[in-house]
Amino acid sequence: MSDASILSAPGTGPARWIGPAVAVPGLAVLGASVTVLAGTGWPQLAAVLVGLAASYAGLDRTGRALFGPGFDLLFWLCGAWLIALVGAALLAPVLPLGEHQDIVATLDSPGMAVPDLSTAHPLGTNNFGLDLLGRLVYGARSSLVVSLGAVLIGMIVGGAVGIAAGYLRRADAPVGVLTNSLLAVPPLILLIALGTVLEPTLTNIAIALSLLAIPSMIRMARANTLAFAQREFVLAAEMQGASRWRIATRELLPNVVPPLASYGMVMVSVLIVAEASLSFLGLGVQPPAPSWGNMIAEGEQNNAFTDHPHIVLVPGITLFLTVFAFNLVGEKARKRWDPRQAKL
């Protein structure tokens, strides 16, 4: 190999320092934007965008130089965001967070405080003086419990019904009618109808949202069951006299679960938005208990969004990042476990 090719190869020669040379100034600009330029409005926003763009470009180039062209920085950032979010939600009671729910305890706290990392309220406060960081973390607990619970119900019920419909063909017709009926109902209308009937508890909200996940899970489980039912290991089990229950649980179920689980990660993002929509409309988690949806709804009160945009932007950006992360990680998982579905 020539000297020129060695210098141009990833991770070798001067080229490997280009990434850090771009990332370090970008991180410096990003740090200055949330400290020195805090509260300056448009200059702070411009510094944040420039810092993020330079940091991402530099870190992505560094990662490709170290780990090869297959390195996907966005995937790792999304994974890190989800790990941090889930960890913060689990450890919320022991984290040093400000008051997130008790209005009486915040009588001395400043209302509508702007985000400032150097204060006790790094993401600001709402009109009652409640800490937005604390409300975000506890709101994440509500969103994750509801969405993950609904997806788990959908996987169990939809997976069982889909395997039965795909393997026991007698149940295929009624299951198809049931699935099409559920899919024919507009999701928002269904959720509003259930929200007006059921008490707005996390359990009831999860059960209501599971009705959005079950039809899709049934279809996916049925399609994968039909594909695997004609495979050699299933036919061999039938020839050996294995019962239908054993074939469904030992042969089909382990092959159906991975595609369902990868699709479930994508479905979590849909249900997080659905839960936020219900809370925004006043049919989900009830204030003062925090939810990303009712936090966004606080921006409607007395034109709060016009005068204090952080009231809406803080939970809105958090919701966007979480949904984006679940979608991207879920799509990666689908490509890994269900290549046929990922190509559609």
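The values are calculated or read from the model by the stated rules, or taken from the named source; none is laboratory data. Bear in mind the structure is a predicted one, so any value in this text is a computation, not a measurement. All Cβ positions, glycine included, derive from the backbone under ideal geometry; neighbour counts span all protein chains shown. Quick note on the areas: whole protein, heavy atoms, side chains included, nothing else; ligands and nucleic acids left out. Shrake-Rupley method; radii C 1.70, N 1.55, O 1.52, S 1.80 Å.
Structure above, values below:
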item: Close pairs (6 angstrom Cβ cut-off, 6 or more residues apart or separate chains): in contact (Cβ under 8 Å) with a residue 12 or more places away in the chain and more than 18 Å from residue 89 (Cα to Cα) in region 288-299, among the aliphatic types (A, V, I, L, M) and assigned to a helix (DSSP H, G or I) anywhere; result: 296/312; 298/311; 299/311; 299/312
item: Meets criteria (under 16 Å from the mean Cα position of the chain (by Cα) and either without any contact (Cβ under 8 Å) to a residue 24 or more places away in the chain or open to solvent by 20 Å² or more (accessible area, probe 1.4 Å) (or both)) for residue 319; result: yes
item: Residue selected from region 106-133 under the condition among the β-branched types (Val, Ile, Thr) and not in a loop (DSSP other than H, G, I, E, B), by the criterion farthest from the chain's Cα centre (by Cα); result: 106
item: Search result, residues across region 158-205 that are open to solvent by 60 Å² or more (accessible area, probe 1.4 Å), closer than 16 Å to residue 220 by Cα and part of a helix (DSSP H, G or I); result: 160, 169, 173, 177, 178, 180, 183
item: Residues that are open to solvent by 70 Å² or more (accessible area, probe 1.4 Å) and among the acidic types (Asp, Glu), drawn from region 100-132; result: 102, 108
item: Members of region 275-297 found to be crowded, with 24+ Cβ neighbours inside 10 Å and either among the small types (Gly, Ala, Ser) or outside any loop (DSSP other than H, G, I, E, B) (or both), listed by number; result: 275, 276, 278, 279, 284, 291, 292, 293, 294, 295
